[in-house]
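Below is one structure, written out as structure tokens, with a few remarks after it.
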Amino acid sequence: MSTLPLPVAVLMSGRGSNMEAIARAGLEDRIPARVVVVISDQPGAAGLETARSLGIRTETLQVQPGQDRTAYGSALASLLASHAPALVVLAGFMRILDAGLVRAWEGRMLNIHPSLLPRYPGLHTHRRVLDAGDPLHGCTVHFVTEQLDAGPRIVQARVPVEPGDDERSLSARVQRWEHIIYPEAVGWFGEGRLAARDGFAWLDGRRLDEPVARGKA
């Protein structure tokens, strides 16, 4: 197993609460990983100031006028390479990545999605769960692939939908679990226990036909 902290780059667009959860877990030696750079496509993202307050280097890479996804992906790839991370973590990065960039980081890029994937890929998951009358909701950490929210699932937390829930209350409970399982998955990767192979996530040498379960069974 790895003994040195894993260098991690985080891509985010907003508050960066998952970035902060991962960064603090590393700084407090709860996981063998360190966030070495936080990159945002939004110069006003609140998470940038949070990262700086934790002593983490920040970068902003905005989309330039007329710049297509491929050109932006190339610029982002160069910026990532300059910081030499071993893992890239998406934490509310509200931009679809270029396929070439995703392929280059295949097996070394994670995302968290606020649903029990494969249910409800895409946006507005809390609203869709409430509209469907589902009894359970949750969040999923997965490896990133070219297909949106469809990469190998690693760990999933289940959250009961309670009477009277609205999008805000349900989102808050789901996010509390996000801040638990995302650092956990990054820690597994840093320990050398987690990998992607043959279209599946593997943990401790065992293929995960279903993600590791957390929260309500």
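The table below lists the values:
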| read-out | value |
| --- | --- |
| Residue-averaged [θ]222 nm for the chain, counting only DSSP H segments that reach four residues, each worth -39500 (n - 2.57) | -10500 deg cm²/dmol |
| Cα-based convex hull, region 1-105, per residue volume (Å³, whole number) | 92 |
| Model label zone, Leu148; criterion: amide N under 19 Å from point 7 Å along Cα-to-beta-carbon; scope region 61-89 | 63, 68-73 |
| Peptides 192-201, 148-157, 206-215, 60-69 ordered by average Cβ neighbours within 10 Å, highest first | 148-157, 192-201, 206-215, 60-69 |
| Given charges at beta-carbon only (K, R positive; D, E negative), |dipole| of region 1-105 in Debye | 100 |
| Theoretical FRET efficiency, 1/(1+(r/R0)^6), r = Cβ-Cβ of Ala84 and Glu162, R0 41 Å, to 0.05 | 0.40 |
| Label point distance in nm, Arg206-Ala172, each placed 7 Å from Cα along Cα→Cβ | 3.6 |
| Distance between region 1-77 and region 159-188 - C-alpha centres, whole angstrom | 21 |
| Descending semi-axes in Å of the chain, equivalent ellipsoid built from Cα gyration tensor | 26, 21, 18 |
| Net charge contributed by nearby residues that have their C-beta within less than 14 Å of Gly92 (K/R +1, D/E -1) | -2 |
| Over region 1-105, relative contact order from alpha-carbon pairs under 8 Å, at least 6 apart, % | 37 |
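Read-outs: derived from the displayed coordinates by stated rules, not from any lab. Keep in mind that what you see is a predicted model, and the values were worked out from it rather than measured. Neighbour counts run over all protein chains shown; Cβ positions are idealised from the backbone, glycine included.
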